[in-house]
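Note sheet for the following structure.
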Amino acid sequence: MAGSKALPNVKVPPKDEEELLLEKLVFGDSEGFESNLKKIDNLYDFSDDEDNDNASSLSDSDDEGSDLDGVQDEDLFFIDDNGDNGEDAMEIDGHDQSNDSDSDEDDNEDEDEDAWIDSDDEKVTISLLSSDRIRKLRKTEADSIISGNTYSKRIRSQFEKIYPRPEWITKLEERLEAGENDEDDNEDLEEADGDSAPEPTDSNAILNLLSTSASFIITKQLKLIAPNRISITRLQNANHVKPSKGAIQTLSFHHSHPLLMTGGFDRTLRIYHIDGKTNNLVTSLHLRNSPITSSSFSPLSANSNLIFAGGRRRYMNKWDLNSGEVEKISRMYGHEQTQKSFEYFKISPKGNYIGLTGNSGWCNILNGVTGQWIRGFKIEGTIIDFEFGFDESFIIIVNTAGEVWEFELNSKSKTKKVDNGVIINKWQDDAGVGITKIKLGGPKNRWLAIGTSNGIVNIYDRNSNNLKPFKCVENLVTSISSLAFSPDGQILAIASRAKKDAFRLVHLPSGTVYSNWPTSGTPLGRVTAVSFSPNNEMLAIGNEGGKVTLWRLNHY
């Protein structure tokens, strides 16, 4: 090159061993490169030569291991007893390292699925020995300190042991895995919006569920009431909005609605909506020239809006609440001489029959819907009261002398008959004479109460087949005018209108009379009518002053 100074020829010395070794380590050499290529080509080829090489290597290792034959076993292994030092929050569960790594991977997968993760859990360490409550979370005796994440996982595992995973979650996951995801649901909605109609569904599914779960909701009625003291609270008078102008002669609760009907000598039926606070008047009916001594709602489900009312007249009134029509019933068809007054009647539990106390010992049975005469039962003496069986298979009739007859309502047997009635049983009440009232109550009419004119009430247990009363209540001294059982049969109310505040509650099956209520300050007056609500929660008491006091039984 012009203008440049020529460099002298420098002789490069040959590479020494150290330089060659360094070059080989950095850049490699051709010999090593070719040998590595051969190894890659034969990586998955296991030849006999290689097997021989492996066998020789194993034999060499055996030869080397033979040098440890004289070493004791405890010198070959050691156990790490240090446990968790708390710095890295590692836990020792007695598992090998591979299992721990697998569990960590599973935990990481679970953490990815968590909706929310607290970053402070990684910084928290918890001592399992701090309290007895969390000591149960230990897996080994060496477990003492764990991290916050591990603690939350163990708590979750403990909870799932006590409360297993619901089946509906497992079924939902199976449906999702089968392809029933949200996209399919959206497609179904789109099809529903189009021309194709969706598959029919059960719209009453919730109603069916609620109807089957009633036993779990209504739990108070299954509890037994205390036999010594009763808890009772006074509510607003049932008829304070529109009081009666005469004495209350009859009370009747509706079988399915919160309605209470009152009637008396003021010739007016009044229906109140009972809520315990306002008790508004729903409707009323004035029956001209017909004082009311008996009235009742019809228990028939198909005719639950029918009301029957009667007084000292030769007819009965039927009031249809749906149409407002009032019909007179006097269809005796040749039996007029045995029924001169419709003042006292009772409707059977299912509403198929209406019984009337007639004269000359007759008890006439009418159809519960049409009011037509069906049949009659004749007893000796003067009939005073009667009661239908819970299944309408029999009727009990008593006269003033205390003789009790039990007849079959639908008799087809060929046993002894008296005036078209099949007698099931006939017996004498223990009280003797002066019977005024009888009443059946309890599950399947277990209890039979018979009141007398001297204030004694005999209570019979019909399940024992004993014709002697198991309890004789003598707390009242005047004539018994009212007997009423609570629907569950745990309480019997007895009253006498001949004396002020003559009212008592009797517990069954013990037969004890509650002493804490009513007290001397309880404003009952002369009690003329008593009725329990169908749910056992309320007690209505009518008096001669035209008032209906309302009481809540706190047990229910």
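Since every read-out is calculated from the coordinates, none of them should be taken as a lab result. Since we're looking at a predicted model, the values are computed, not measured. Because the Cβ atoms are built from the backbone with ideal geometry, glycine has one as well, and the counts that use them run over all protein chains shown.
Brief remarks on what is shown
- Amide H contacts under 5 Å for residue 339, placed H, 5+ residues apart: 359
- For segment 453-465, 3J(HN,Hα) per residue [Karplus equation, 6.51 cos²θ - 1.76 cosθ + 1.60, θ = phi - 60°, Hz, x = Gly/Pro]: 6, 9, x, 8, 10, 9, 10, 10, 9, 6, 6, 8, 6
- Length added when fully stretched, residue 237-residue 155, from 0.36 nm per residue minus Cα-Cα: 23.9 nm
- Distance between modelled label sites at residue 369 and residue 454, nm, 7 Å Cα→Cβ extension: 4.8
- Each pair of Cα atoms in segment 407-531 enters the Kirkwood radius, and Stokes-Einstein at 4 °C and 1.567 mPa s then converts it into a translational diffusion coefficient of 83 µm²/s.
- A straight line joining the Cα centroids of segment 383-404 and segment 454-479 runs 16 Å.
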